[in-house]
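The values are calculated or read from the model by the stated rules, or taken from the named source; none is laboratory data. Remember, predicted model here, so these are calculated numbers, not experimental data. Cβ placement follows ideal geometry from the backbone for every residue including glycine, while neighbour counts extend to all protein chains displayed. These area figures cover heavy atoms from the full protein model, side chains too; ligands, DNA and RNA do not enter into them. Shrake-Rupley method; radii C 1.70, N 1.55, O 1.52, S 1.80 Å.
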Amino acid sequence: MDKQLILEDGTVLIGEGFGADVEISGEVVFNTGMTGYQEILSDPSYCGQMVMLTYPLIGNYGINRDDFESLDPAIAALIVREVEHEPSHYREQESLHDLLVAKNIPGLAGIDTRMLTRKIRVHGTLKGYICSLSVQVEDVVKTLQESPLQTTQVSQVSVNTAYHVPGKGKRVALIDCGMKHGILQSLIERHCDVVVVPYHTSAQEIKRLGVDGVLVSNGPGNPEDVPETIQTVASLIGEVPLFGICLGHQLLALACGATTSKLRFGHRGSNHPVREIETGRIDITAQNHGYTVDLDSLEGTELMLTHEAVNDGTVEGLKHRRADAFSVQYHPEANPGPHDANDLFDRFIGMMNTAKTNVLV
């Protein structure tokens, strides 16, 4: 069945609908990864967004049970150039179409994804609406232009109650702002005793757990929309070792007095080069974010720049000058993507080993 994608600037793209037969709106973004579509569509950081994949053929190796980054994908829709309905891979258990039907997520194939990518790169991300061909374009455009972006995505993808993943190593409170399973797995592989807590958990509650460190996860949306997490992070600085990833990186910056702003089209892909300032080392990283820490705002704070994006010079890593706290904008756990920066989890473990924490208040 043919469907249309209507953008807020009036652009209309007609293609083949697949997945769930529903109409939905969202912010249209693009990801440049050549593989890893299962991990991408199940990344909670895409909550409420229509994800367009720039690689032209998607679905050829199907869906398997092991590569989900969350059990319930939160994307609004998936947009591709060509979808494969008969995948072939030894791990494949169902098709991409079947998964989207089961999760009530619409897909759109057969559109000019190269043109749409170029439009977003020039004009920035756009709100869009996937619907039947009978819908009046003018009415949709007016609604899209007048509707604000979502502000409650983190509350939609965070856990509601804390849960424990036992281990014999350091106890880590993992603040779930939309956590990818790969982050939890990276801690488990290092034998950490992990307590996953909701995004709104207070610093007092976290310290009551007797933790050795706190990891603030990735997540969707504008970091300024979660002031309760910013307050928690601010209260924990200097109390326990802190490690922030993606949204967690931005929250650490805001907690220390820096500012953030929206990028024109964001960083979303598996091949973003990042330079470590101290050594000059280049890591190829996986990224998924639409906001960035403002470099000029670091002046006068306790934060120092540790990593920068090679492509555009934006802030990719921070370290607190006095406290055991650091963060990166990219994903060291990858999934999908290169594992160049996976050693950052070992750095976090080392920080906990040398710190005197284990606080019970």
Can you tell me which lysines have their Cα less than 24 Å from the Cα of Lys168? Leave out same-chain residues fewer than eight positions away. Lys180, Lys207, Lys356
If we sort 47-59, 308-320 on the protection proxy, mean other Cβ atoms within 10 Å, highest first, what's the order? 47-59, 308-320
Karplus-derived HN-Hα couplings along the stretch 311-319 (A = 6.51, B = -1.76, C = 1.60, θ = phi - 60°), whole Hz, x at Gly and Pro: 5, 9, x, 6, 6, 10, x, 9, 9
Relative contact order, percent, the stretch 235-361 [alpha-carbon distance under 8 Å, six or more residues apart]: 30
Among Gln93, Gln4, Ala341 the positive-end extreme of the charge dipole of the chain (Cβ point charges): Ala341
Cβ-based net charge around Arg91, under 9 Å, with every Lys or Arg adding one and every Asp or Glu removing one: -2
Sequence-distant residues sharing a close amide H with Thr314 (under 5 Å, placed H): Ala309
Dipole check, the chain, charges on Cβ (K,R +1; D,E -1), about Cα centroid: among Ala325, Leu149, Ala162 the Cα furthest to the positive pole belongs to Ala325
Difference of contour (0.36 nm per residue) and Cα-Cα distance, Asp2 to Ala355: 121.2 nm
Determine the relative contact order of the chain: mean sequence separation of Cα pairs under 8 Å and six or more apart, normalised by residue count, in whole percent. 15
Average accessible surface area per residue within the stretch 1-96, 1.4 Å rolling probe, Å²: 40
Based on the mean of other Cβ atoms within 10 Å per residue, sort peptides 97-107, 161-171, 210-220 so the most packed one is first. 210-220, 97-107, 161-171
What does the charge dipole of the stretch 1-47 about its Cα centre add up to, to the nearest 20 debye, if the Cβ of each Lys and Arg holds +1 and the Cβ of each Asp and Glu holds -1? 100
Can you list the HN-Hα couplings for the stretch 198-206, worked out from phi with the Karplus curve (6.51, -1.76, 1.60; θ = phi - 60°), rounded to whole Hz and with x for Gly and Pro? x, 4, 8, 5, 6, 4, 4, 5, 5
Under 5 Å between amide hydrogens, which residues at least 5 positions from Tyr291 or on another chain qualify, with H placed 1.01 Å from N in the peptide plane? Leu263
Which percent, nearest 5, of DSSP beta bridges in the chain are antiparallel? 60
The chain - charge dipole about Cα centre, Lys and Arg +1 at Cβ, Asp and Glu -1, debye rounded to 20: 780
Radius of gyration, Dmax [the chain; alpha carbons; angstrom]: 20.3, 64
Where only protein heavy atoms count, and the probe is 1.4 Å, what is the accessible area per residue for the stretch 221-361 in Å²? 40
Out of the total accessible area of the chain (probe 1.4 Å, heavy atoms of protein only), what percent is carbon and sulfur? 47
In sequence order, calculated HN-Hα J values of the stretch 72-87 (Karplus, 6.51, -1.76, 1.60; Hz; x Gly/Pro): 10, x, 10, 5, 7, 6, 10, 10, 9, 6, 9, 10, 9, 8, 10, x
Alpha-carbon Debye profile of the stretch 179-274, log10 I(q)/I(0) at 0.14 Å⁻¹: -0.55
Return the loop-located GluC sites (Glu not before Pro) in the stretch 149-229 (DSSP other than H, G, I, E, B) with at most 12 other Cβ atoms within 10 Å of their own Cβ; answer none if there are none. Glu189
Among Gly178, Gln38, Met50, whose Cα lies farthest out toward the positive end of the dipole of the chain, if unit charges sit on the beta carbon of Lys, Arg (+1) and Asp, Glu (-1)? Gly178
Please get the size of the charge dipole for the stretch 63-126, origin at its Cα centre, with Cβ charges of +1 on Lys and Arg and -1 on Asp and Glu, quoted in debye to the nearest 20. 540
